[in-house]
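Scroll down for the structure; my scribbles are underneath it.
The values are calculated or read from the model by the stated rules, or taken from the named source; none is laboratory data. Bear in mind that the values here come from a model prediction, so they are computed numbers and not experimental data. As a convention, Cβ positions derive from the backbone with ideal geometry for all residues, glycine included, and neighbour counts pool all protein chains shown. Side chains included, ligands, DNA and RNA excluded: accessible areas come from the protein's heavy atoms. Shrake-Rupley method; radii C 1.70, N 1.55, O 1.52, S 1.80 Å.
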Amino acid sequence: MGAQAQQFGQTRGAGACCGKGCQTLKEGIWHNNPISIQVLGVCSALAVTNSLENALVMSGALLFVITMSNLIVSLLRNATPRRIRMIAEVAIIATFVIVFDLFLKAYYPEMSKRLGPYVGLIITNCIVMGRAEAFALQNPPLLSIVDGIANGIGYAMVLGIIGFLREFVGTGKVELVNKLFRSQLDLSQWYMPNQLIILAPGAFIALGFLIALFNWIKPPETQEGKM
Amino acid sequence: MNETHALLIVVAAIFTNNILLSNFLGMCSFLACSRQIDTAIGLGAAVVFVMVCTTTLNYFIYYGILVKDAALCSMDLTPLTFIVFIAVIAAFVQFVEMFIERFSQKLYYALGVFLPLITVNCAILGAALFMVIRKYSFLQTVGFGFGAGIGWALAIILIAGLRRKMHYSNVPTPFRGVAISMIVTGIMAMTFLGLSGMVSIQ
């Protein structure tokens, strides 16, 4: 990616030491993280994080949809009339969501049932729409892919943290970790799991604290007067 | 087919299965528009109206056209569900906006400004998808659309009131803004959870 990044840096006349691609990557993952900083697409972040596995599958779905839709929107950016760009974006996003949904139904029907309507709801997920509108419409295809991946990873990071914490506190074990490492870690013998964190209120409170933690590590610049 | 009475579904969708507090749908506009009570009421009313109409409309389209061996088209078009639903919602919202702009200026200023926001409100699409997943009948669909809309409106109005009060509290700096709203919403979800023994819909 370094070579591409360099190339973009030069062609766009903004060759900072890190290059445009790398900068975009950092923006999406940390400085402008879609969930913790921009607070977009929170619905799914709350709904599917009751276990780590759900959270990661959902993140994969979003990563796929946002990368592909950014690519297509960016390729078509000069051919799309301004007035109908929203509808075009929604149609592109919906297409990829359908692709992923069918894929999930075919290969992983159990997960498809567990995620319920939330895969379909990626269509109205503000992150995907927001990146298409704010980034892919103005930038060349390769850079848009990088931006899609960066935001997808940023989203996955937050979802992974919340999913891990909620499953761990709520059940005393993390299925996916046990499955991957063939371990039998299960604290529920001596630890009374706090079921509340699995239920809806736990999601809100966990995300609230996580956002506060991120704010504490890196104080936001434009939060003045917001309440 | 599930057998719950339509009126029960209305009550359940407002209190026990609140679309915002237990299904997390419509968070984006919820966080953006819950600073003022007036705005919250306007947006809530618009959501109730659009939700009832679009879930009903989508019900007819889904069972009339999309499913296999439906009345109008015998092909199985269910893979297109998402794209059809979102198109119906967008078209309906656009239509209503033009309609009320032409016929009632007053209503347009009260409600119309919120309409474009609603197309991308995931609660609307979510309600339509729940209707499909839970296999509701026609009456149940109308009941669910209405109840879910009222439930969403109720939640956003309550939060708007709480956020107004929060202006006077001394919130620790990292929690200011979204973080504290999330936690307050969580506590509100907890109180709604207290009602969950009453009725339940799945």
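Taking only the Cα atoms of the protein assembly as shown, the ratio Rg/Rh comes out at 0.96, with Rh defined as the Kirkwood radius. The mean sequence distance of close C-alpha pairs (under 8 Å, at least 6 residues apart), as a share of the length of the stretch A:38-226, puts its relative contact order at 32 percent.
Shielding value for B:83-92 is 3, the average number of Cβ atoms from other chains within 10 Å of each residue's Cβ. Averaged over the residues of peptide A:113-124, the number of Cβ atoms from other protein chains lying within 10 Å of each residue's Cβ is 6. Full extension of the chain segment joining A:Ile217 with A:Trp190 gains 6.4 nm, where the gain is 0.36 nm per residue of separation less the Cα-Cα distance.
The dipole here belongs to chain A: it is taken about the Cα centre, uses +1 on the Cβ of Lys and Arg and -1 on the Cβ of Asp and Glu, and is about 360 debye. Heavy-atom accessible area for B:Ser200, with the other protein chains in place and a 1.4 Å probe, reaches approximately 90 Å².
Inter-part distance, the stretch B:21-64 to the stretch A:68-112, computed on C-alpha centroids, equals 23 Å. In the protein assembly as shown, a dipole from Cβ-located charges (positive for Lys and Arg, negative for Asp and Glu) runs towards its positive end, and of A:Ile198, B:Val88, A:Gln38 it is A:Gln38 whose Cα lies farthest in that direction.
Under 15 Å from the Cβ of B:Gly161, count the other residues' Cβ atoms, weight Lys and Arg +1, Asp and Glu -1, and hand me the total. Computed value for this residue: +3.
The residue list A:Phe96, A:Val174, A:Val48 was ranked by how far each Cα lies along the charge dipole of the stretch A:38-226 toward its positive end, using unit charges on Cβ atoms, and A:Phe96 comes out on top. Comparing B:Ala91, B:Ala32, B:Ala110 in a Gaussian network model of chain B where C-alpha atoms under 10 Å apart are linked, the largest mean-square fluctuation is found at B:Ala32.
Take B:133-141, A:207-215, B:118-126 and order them by the average number of nearby Cβ atoms within 10 Å per residue, most first; the result is B:118-126, A:207-215, B:133-141. Between A:Asn78 and B:Lys106, the simple spin-label model (points 7 angstrom out along Cα→Cβ) gives 5.3 nm. Computed with a 1.4 angstrom probe on protein heavy atoms, the A-B interface buries about 3400 square angstrom of accessible area in total.
Placing +1 on the Cβ of every Lys and Arg and -1 on the Cβ of every Asp and Glu, with nothing else charged, gives the protein assembly as shown a dipole about its Cα centre of roughly 540 debye. Considering every alpha-carbon pair of the stretch B:88-202, the percent of pairs per 10 Å bin, from zero through the bin containing the longest distance, is 11, 29, 32, 23, 5. Counting only aspartates and glutamates at least 8 places from B:Lys135 when in the same chain, those with an alpha carbon closer than 18 Å to its own are B:Glu3, B:Asp69, B:Asp76. Note on the stretch A:179-220: semi-axes of the ellipsoid equivalent to its C-alpha gyration tensor, largest first and rounded to whole Å, are 28, 16, 9.
Full extension of the segment from B:Leu8 to B:Ser196, taken as 0.36 nm per residue of separation minus the current Cα-Cα distance, would add 66.4 nm. May I ask which of A:Lys179/A:Lys218; A:Lys173/B:Lys165; A:Lys20/A:Lys218 have a Cα-Cα span longer than 28 Å here? Among A:Lys179/A:Lys218; A:Lys173/B:Lys165; A:Lys20/A:Lys218, the Cα-Cα distance tops 28 Å for A:Lys179/A:Lys218; A:Lys173/B:Lys165. Peptide B:15-26 has a mean shielding of 4, counted as Cβ atoms of other protein chains within 10 Å of each residue's Cβ. The convex hull of the Cα atoms of chain A, projected and averaged over all directions, covers 15.2 nm². Protection proxy ranking, highest mean first, for peptides A:191-200, B:70-79, B:183-192: B:183-192, A:191-200, B:70-79, where packing is the per-residue count of other beta-carbon atoms within 10 Å, averaged. Given a 1.4 Å probe and every protein chain left where it sits, what share in percent of the accessible area of the protein assembly as shown is carbon and sulfur? Carbon and sulfur: 67 percent of the exposed surface of the protein assembly as shown.
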